[in-house]
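Notes follow once the structure below has been shown.
The values are calculated or read from the model by the stated rules, or taken from the named source; none is laboratory data. Computed from a predicted structure; not experimentally measured. When we count neighbours, we look across all protein chains shown, and the Cβ atoms used for this are built from the backbone with ideal geometry, even at glycine. Ligands, DNA and RNA are excluded from the accessible area calculation, which covers all protein heavy atoms including side chains. Shrake-Rupley method; radii C 1.70, N 1.55, O 1.52, S 1.80 Å.
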Amino acid sequence: ETILDASCFKGGKDYSEGEGGEDIAELARAEEDQCSAPQSKRVVDKHWGDDPQLNAMRDQLRQQAMKPLEDRRPPIFLMPGLASTRLVAWKLKTCKGGVFDTKIKVQDNVWLNINLVIQMGTVNVQCMTECLSLGLNQSDTDDWEIGCKLRPDEGLDAIASLAPGGIGSQLLVGGTNTVYSWLIQWLADNLGYDVTNIVGLPYDWRLSPDKMEARDGFLSMTRRRIEAAVASNGQPGIMVAHSMGNLVFRYFLEWLRVEMREEAYQEYITRARRRDNRRKKAEDKRISEEQRKHHRDEQIKEHISELQQQMKREEEAESTTRTTTISPPKQEDDSSSDDVIENPSSIFPGWVTAAVPGLDGVLGWVSSLSQGGAGEALPDGTIKDNEAVEFTDVLDDLDGHGDKHHSDVSTKKNRDKDEHTEEVDIFEDEDEVRDAQLRELAIEEGDVKWLEWLEKHIWTYIGLSSPLLGAVNPLRSVLSGENMGLPINDDVARKMEVTFGSTHTLNPVSIATGFCDQWDSDDWTDDNESSNKEGPRAGHDSRLACLDDIMNDIEYSSVHRDPWKNFPTLKSILRDRVDWNSNKPMIDIKVELCQKKSCVEKETLKFGPKDVEDGRIFDVFDSLWKEEGDPLIIKREQLEESFMNTKVKNMLNTTWERPQIKHVVMAYGVDIPTEVGYIYKKKIDVDDLAAQDVRTPDNKTGGMPNLKGVLWEEPNGRIMVEPVDSSRGSIAEHFIKKKTKKVLFSEGDPPSKGRATHSG
């Protein structure tokens, strides 16, 4: 590209029409000619263009790569999509069939193993399907003899390419072989990235996200890998997710939010336990001190009792001596162990009472003991306590405190025992209230920590071909099979795919869930926390705007112009509220009644995304086809277990809320023919064509649902119908490409005139 040297223009002088009679245009042209010679060439990078800022960033990253010990750059996290992670075997399996038996050994590549694919299309169809199929509840297998134990491969290589090397891989699976290989190579060649700052996040794409965590700890490992990469590189990273990987990432964010709330709650519980332990230790220490004090009291009691007995003996001896010397009149000796001491303080020398403050009180108490007021002397000289008086009062007197606030321990225990039955219910209610308060605090603190985690660890989120509203193709794989480009028939693939929990992850989502004016006022509360709500508002955060609010703001801010002029897609979604089943239902079932060779169409059953969200579609298909083993009922139960009945918010009945990440970029291919709906046909043999109930228990059924047509959305929103006469999947189709004939779709009420109204 030719550019001019900016220094050529010196500013010049201002010309006026009357100056020197010269023409201004000629002067200006002469000056331009003087500087019109090429001065330099600006290099245009085929990837980066000629933006100086972008090129400066590129050069900076390249320079950093030359100094690995000083290199600090945003780490990049790669989240693959459906069927985009290699799966390897962790159990020996022998595949019987053909001329030789084939063995799948431990750590052999199963998805995608070209040798197995070739066998699948020729001599042994069952081997790979048995190995890829899951058992009940997404376990490894229901039959350990014929099943496999597969786990995702590790590292970047697991998501770079599924079957690296060889002509066969390109011939049989084509573009599906390469996943992130090109991006990894480009980042390394152009920006100096390597394994220390590119983090692959492979997972078992057959599982629903909750099972990924339960079996493999995938969500926990993803969190730790992100944290480790950010800590190592010193900068928040960039998440790049492809296809279903975007939905897995969305689930990860919701799971992380719940996890951090639970961590906050457990932290509160830990603090409470520590505080309780400290209180218990303090209480134990207090009780121990009281016990020691009580033991000391007992010792003092014994000592006083011994002193009392000694005083009595001395008194008796003195009395005997006095009687012998003076020879008083002879009287009966009334002294005994029960004699009353009228003035015990006179027995002690004066220095004793002077040295021990409060001793008069002690001796008064001793006097009361001898009189039976507070206790009685036992034959061995010890004192039996009366429960009405505690000896700690005496110790208080000895200390000079005179504090009489202590209560009797045994009396308190008896009182507590009597009141325990009345208080237990109160304590349980108080525990519930405290737990609810802790939960509420944990939700608030967990959400704050969640936002802080996102700010610290993820700087940019890039979604490649993100199915924000789900997709219908995985639903087809469940209802009638999808061979995923493999040389097998759809019905064979369907037996395998119906066991996958991941198909639900891509279920279509209705746009209507984003509009709030469809709900009754009773559905609205001041509670900002959505996870505890039920009904139509379940899952919606009232702190965020509804789609109808956004639409009103757009129109009110554009009074004198059409705000939708250059945004037909937004107009369709926000203003016209076009959904999957606008004009054309997402899935039709044409029910025909047949009597011998004569058939009449009885009714057409129509299904939209709402019927998929609650699982109703699986019940209806099951009631019509009544397959052996009820695989579609199992799929509905799988939907309930993995998405409806978990702590993580159900993402299959709500539209996306923008992730709380600084930069969010969504990138899509355009004008690519895409499946948007299906037509099924059910023939029922009856004796009377005028029968009203077409779904009676006596209907003879067998086999899987019969797919008769595929609806394709093509460029400019045209909708075409591709008739389906037989299942796909023979190996010859990979070498002989048959171009199917499509016809313009013109059904609907009102007729869609061959247009998909939800298209941009």
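A few remarks follow.
- Extension gain (nm, one decimal) between residue 444 and residue 683, 0.36 nm per residue minus Cα-Cα: 80.5 nm
- These residues, 314, 592, go from largest to smallest accessible area, 1.4 Å probe, as 314, 592.
- Computed over protein heavy atoms with a 1.4 Å probe, the accessible surface of the stretch 472-517 works out to 19 Å² per residue.
- Toward the positive end of the charge dipole of the stretch 445-512, with +1 on the Cβ of Lys and Arg and -1 on the Cβ of Asp and Glu, the farthest Cα among 507, 496, 450 is that of 496.
- Inter-site label distance for residue 675 and residue 216 at 7 Å from Cα along Cβ, in nm: 2.4
- Area accessible to solvent at residue 127, 1.4 Å probe radius, in Å²: 0
- For the stretch 175-283, a crude dipole built from +1 on the beta carbon of Lys and Arg and -1 on the beta carbon of Asp and Glu, taken about the Cα centre, is about 860 debye to the nearest 20.
- In Å², nearest 10: area of residue 253 left accessible to a 1.4 Å probe: 10
- Listed pairs 91/211; 635/662; 596/708; 105/635 exceeding 26 Å between Cα atoms: 635/662; 105/635
- Whole-percent carbon and sulfur share, accessible surface of the stretch 249-304, 1.4 Å: 46
- When 82, 479 are compared by accessible area at a 1.4 angstrom probe, the order from most to least is 82, 479.
- When the surface is traced with a 1.4 Å probe over the full set of protein chains, residue 457 keeps roughly 10 Å² accessible.
- Amide H contacts of residue 578 (H built 1.01 Å from N, under 5 Å, at least 5 apart or other chain): 573
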